[in-house]
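Read the structure below first, then the notes.
The values are calculated or read from the model by the stated rules, or taken from the named source; none is laboratory data. All of these numbers come straight from a predicted model, not from anything done at the bench. Backbone-built Cβ (ideal geometry, glycine too); neighbour counts: all protein chains shown. With ligands, DNA and RNA removed, areas are computed over all heavy atoms of the protein, side chains included. Shrake-Rupley method; radii C 1.70, N 1.55, O 1.52, S 1.80 Å.
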Amino acid sequence: MEKPAELPKDETTEEESLLQTLQQQNNWDGVPMCLYQGIWCPIFLLRPLLSLQKNFKPHDTSILLASLPKAGTTWLKALLFAIVNRDRFPIDQSPLLTTNPHKLVLSLECYYYVDQVNPDLENLPQPRVFSTHLPLNVLPPGFMINSTSKIVYVSRNPLDQFISEREFLLKNRLLPDCEPPLPLDQAFDMFCEGVHAFGPFWEHILGYWRASLENPDRVLFLQYEDMKRDTVSHVRKIAEFLGLPFSDEEEKRGMVGEISQLCSFEKLKNLETNKTGVLHGNVANSSFFRKGEIGDWRNHLSPDMAERMKEVIDAKMSGSGLKLDNYFKS
Ligand code: PAP
């Protein structure tokens, strides 16, 4: 994370006074968090969150990729970029071949609002594509009401998401001076209680899930596991949802397969830019491409831990209509 620039005094004062009223706790990796509007927000992101709540204006054509960390953000960034820009760049000249997807689709809270209270987002290329790890309930109030902008949400088995994030954060400490990371069992306890960055995970997932049921033309709810099993039909689905369906001619040329290939784990992981480059000054691009598998949690978590997660999911998410039973099958 880049060091925030100097901000106007009233913004920092507002954040400080608010912070004094909020419950605070460290995440398992030592990063301080506060409970703001029901979500555990890393404190270093509170000011960007407040600024974007106040100032972000969606356009009717804006596209927002939303996800919990490690649910498939990098993959979806690549796919959205490739789908939206397919007329601008032939596949063999795609910027994805030379640039990490995180530099092509930028985060609202972790990039645009990090060192600016009200960044100029009006002159970005259209359609504007942003990403966020924020839950739906803390997006600017007008987001769903005052525009026809679209949200693409990707969810992932929380067990795999937890392990993916743990492996990432053990390698990439977000704040060098914070407390050392807690052991796995304590970190897992916190996760099951919903005390983790942008959590509780069930609120995050259900917020977007319910919105996708209420507004299917505005919110597309995707699952990492479904996409792994059949990427091609999901690429078609995303393009249709965005109002950019593949033409017969594009279909005939095999463009859907080409985009799926270009954005596949194996392809992106082995590109020079993703093997060697860095993001935010010190995060290796390669750390966004670890295993890319379904079910890696089995190599890290005991059957008892999985059973506990099943109970949490049953208690918090059953009745939602979301299909979750695949998570625990071998
Ligand atoms: P972020 O939220 O910090 O951007 P995100 O991209 O969501 O991270 O998560 C990284 C995970 O997605 C990694 O999973 P793993 O740790 O279980 O391996 C990473 O390997 C996986 N991933 C990255 N790119 C792809 C891709 N193109 N296809 C499938 N999985 C991918």
How many residues are in contact (Cβ under 8 Å) with a residue 12 or more places away in the chain and either in contact with a strand residue (DSSP E or B) (Cβ under 8 Å, 6 or more places away or on another chain) or aliphatic (A, V, I, L, M) (or both) when one looks only at region 289-315?
7
E293 vs (1) under 18 Å from T99 (Cα atoms); (2) within 7 Å of the ligand (Cβ to nearest atom): all pass except (1)
Does P69 satisfy the condition of being within 14 Å of the ligand (Cβ to nearest atom) and assigned to a loop (DSSP other than H, G, I, E, B)?
yes
What tally of residues in region 37-52 results from selecting those that are in contact (Cβ under 8 Å) with a residue 40 or more places away in the chain and surrounded by fewer than 20 Cβ atoms within 10 Å (Cβ to Cβ)?
3
Mind counting the residues in region 104-151 that are free of Cβ contacts under 8 Å to residues at least 40 places away in the same chain and either among the hydrophobic types (A, V, I, L, M, F, W, C) or in contact with a Leu (Cβ under 8 Å, 6 or more places away or on another chain) (or both)?
4
Of everything in region 53-66, what is crowded, with 20+ Cβ neighbours inside 10 Å and away from the ligand (no atom under 13 Å from the Cβ)? Give them in sequence order.
F56, P58, S62, I63, L64
Right, S155: among the polar types (S, T, N, Q) and within 15 Å of the ligand (Cβ to nearest atom) or not?
yes
All conditions in (1) more than 30 Å from P183 (Cβ to Cβ); (2) in contact with a helix residue (DSSP H, G or I) (Cβ under 9 Å, 6 or more places away or on another chain); (3) surrounded by fewer than 15 Cβ atoms within 10 Å (Cβ to Cβ) are true of N299 except (1)
Members of region 67-103 that are over 21 Å from K237 (Cβ atoms) and without any contact (Cβ under 8 Å) to a residue 40 or more places away in the chain
R88, F89, P90, D92, Q93, P95
Y113 - would you say it is more than 30 Å from W297 (Cβ to Cβ) and open to solvent by less than 10 Å² (accessible area, probe 1.4 Å)?
yes
